[in-house]
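> Please see the structure below; I have some questions.
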Amino acid sequence: MDSQKSVSIELQNLQVDTLGTPQIASPLRNKNYYVENNARIVIDPDFSQVDKSKTFEIAGPRSEVFFDGAQITCGIVTCGGLCPGINNVIRTIVMTLREQYKVPKILGFRYGYQGLSNAPLAEPMELTPQKVENIHNHGGTILGSSRGKQDINEMIDVLIQKNVSILFVIGGDGTLNGAHEMVKEIKKRNLMISIIGIPKTIDNDIVGTSQTFGFSSAVNIAEKVISCAHYEALSAWNGIGLVKLMGRDSGFVAAHATLANNDVNYCFVPEDSLTLEGETGLLNVLEHRLEKKRHAVIVVAEGAGQNLFHTSATQRDASGNVLHKDIGVFLKDKINAHFSHKNIPITLKYIDPSYTIRSVKANSEDSTFCLMLGQNAVHAGMSGRTGIFIGYWNQTFTHVPFKVVINKRKKIDTKSALWKIFQETIGYNGRDNIVE
Ligand code: ATP
Ligand code: MG
């Protein structure tokens, strides 16, 4: 992961040769895509010169610890939706606490924050190295998870009753919000309890960290599903493969899986608008494409195209997250109706892999990442830090205060290189992408 830092680069070899001054205007369609001719990136930034107010604290073991590991009890809880790698993080936390810091008792609270209420669905599970030995080979979470708010005071009372000194919370934005509320109450009561977060979301939508675990595994699966949709489309006259992928507010999974796959013709994410009607609308553009190519693949993130629904009623899940209208089924029906109305035969195969992209076991990239996140979480808790999650920034693990993420969500930056590549390669912007 930090491989680039260990490579020694000879500075005298860095000048790039060129054949001469380029004179011909570039034919690229997207003119915003250009890079300044002399743009460069620093190899070895001089951090001593950096404005310290614009830095994250670096994670890792400290020479002094706050807690005597042999004397404390720790807790772990997993909340929100599933994500590949949760069990890997649990395993690493348990192993590191036990093997490195000699913590004798580790409690796994069951079924999310509900397990920290005073009427839990199940009693906490004692986590030992034997208990977690093989759990990284399985998807899901051995502790169980849930949504729905719990009383903060009640949860803190339970931590006191169970003598917990460090609680590790593995969850998304909602979980980190809840953890932030707990930290505030712990401070108010002047308690010596640390709360450390490990951000979990396949959507990769947590601010303050460039990457979250599970994302890479989810993209791997999503890419395979798109590939199946492509074969379905190719195998029929006017075949259309339509795939809906997770991504309530941020389209990172759909965008990355689309770029990884290369066979997608149109991809819609929540960060961009979706137009169906008119000359540049999807229906017309799709019709034009079928005339020429006889097949098409469309990917849509679940939060895309919500502007197309004309109802204002908002439904929410147990945690208060807005439930989006089903854009996948909506598009399927609209496309079928459009071609049926025109008497153009099509074969549309709609694939919604739904939860299957998040309940698989972690791939090798995520497994490595989870191991490092878990170890750094333990080091942070043992050093007495609290109210932070382990982030990853500029190839370095960091301590990010919960305050940074409260009521914020990371979205695809429409000025970023990813967006430019996405637009250039596939992003639907009212044009056909047939290569003549
Ligand atoms: P996902 O990425 O799957 O949505 P998440 O962590 O955001 O993960 P949520 O169900 O939204 O999942 O939240 C997890 C838990 O945190 C829920 O039990 C929710 O009620 C609780 N929670 C969210 N916000 C708060 C808050 N402000 N105070 C207390 N608890 C909260
Ligand atoms: Mg959430």
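Every number in this text was worked out from the coordinates using simple rules, so none of it is lab data. Only a predicted model underlies this, so the values are computations on that prediction, with no experimental measurement involved. Here the Cβ positions follow ideal geometry from the backbone for every residue, glycine too, while neighbour counts run over all protein chains shown.
> Quickly work out the T18-to-V65 label distance, labels modelled 7 Å from Cα along the C-beta direction, and quote it in nm with one decimal.
5.6
> Oh, and also: I'd like to know which of I160, G197, T212 lies farthest towards the positive end of the charge dipole of the stretch 148-235, counting +1 on Cβ of Lys and Arg and -1 on Cβ of Asp and Glu.
I160
> Same structure again: Expressed as a whole number of Å, what is the distance separating the alpha-carbon centroids of the stretch 268-324 and the stretch 20-97?
What the calculation gives is 32 Å, centre to centre.
> Could you tell me which of the pairs K361/K411; K188/K403; K102/K184; K52/K188; K332/K410; K102/K188 are separated by over 21 angstrom between their Cα atoms in the structure shown?
K361/K411; K102/K184; K52/K188; K332/K410; K102/K188
> Let me ask something else about it. Regarding the chain, what's the average projected area of the Cα-atom convex hull, expressed in nm²?
26.0
> Before anything else, pin down the relative contact order of the stretch 219-359: Cα pairs under 8 Å, at least 6 apart, normalised by residue count, whole percent.
34
> If you don't mind, another one. For each pair in K224/K334; K244/K349; K131/K162; K131/K187, compute the distance between the two Cα atoms and list the pairs where it is over 22 Å.
Exceeds cut-off: K224/K334; K131/K187.
> Follow-up. Suppose every K and R has +1 on its Cβ and every D and E has -1 on its Cβ; what is the size of the dipole of the chain about the Cα centre, in Debye to the nearest 20?
660
> Are there chymotrypsin sites (Phe, Trp or Tyr not before Pro) in the stretch 218-255 that DSSP puts in a loop and that have at most 16 other Cβ atoms within 10 Å, and which ones?
W237
> Once the dipole of the stretch 219-359 is set up with Lys and Arg at +1 and Asp and Glu at -1 on Cβ about the Cα centre, which of H310, I221, L348 lies farthest towards its positive end?
Positive-end residue among those listed: L348.
> Quick one: grab the alpha carbon gyration tensor of the stretch 251-367, order the square roots of its eigenvalues as a ≥ b ≥ c, and give me rounded if a/c is under 1.5, else prolate or oblate depending on whether a/b is larger than b/c.
Verdict is oblate for the stretch 251-367.
> With runs of 4+ DSSP H residues as the only contributors, calculate the mean residue ellipticity of the chain at 222 nm using -39,500 (n - 2.57) per run, divided by the residue total and rounded to the nearest 500.
Computed mean residue ellipticity for the chain: -9500 deg cm²/dmol.
> While we're looking at this one, here's another question. Under unit Cβ charges (Lys, Arg +1; Asp, Glu -1), what dipole magnitude, rounded to 20 debye, does the stretch 21-122 have relative to its Cα centre?
With Lys and Arg at +1 and Asp and Glu at -1, about 400 debye.
> Find which of Y101, M182, I406 sits farthest along the positive direction of the dipole of the chain, computed with +1 on the beta-carbon of Lys and Arg, -1 on that of Asp and Glu, about the Cα centre.
The residue sitting farthest along the positive end of the dipole is M182.
> Another one. Are there GluC sites (Glu not before Pro) in the stretch 1-108 that DSSP puts in a loop and that have at most 13 other Cβ atoms within 10 Å, and which ones?
Within the stretch 1-108, the qualifying GluC sites (Glu not before Pro) (loop, at most 13 other Cβ atoms within 10 Å) are E10, E36, E64.
> Filter the chymotrypsin sites (Phe, Trp or Tyr not before Pro) in the stretch 291-347 to those in DSSP coil with at most 14 other Cβ atoms within 10 Å of their Cβ, and list the result.
Loop-located and lightly packed - F309.
> Let me ask something else about it. Under a Cβ-only charge scheme (Lys and Arg +1, Asp and Glu -1), can you give me the dipole magnitude of the stretch 219-359 about the Cα centre, in debye to the nearest 20?
Charge dipole, the stretch 219-359, about its Cα centre: 280 debye, nearest 20.
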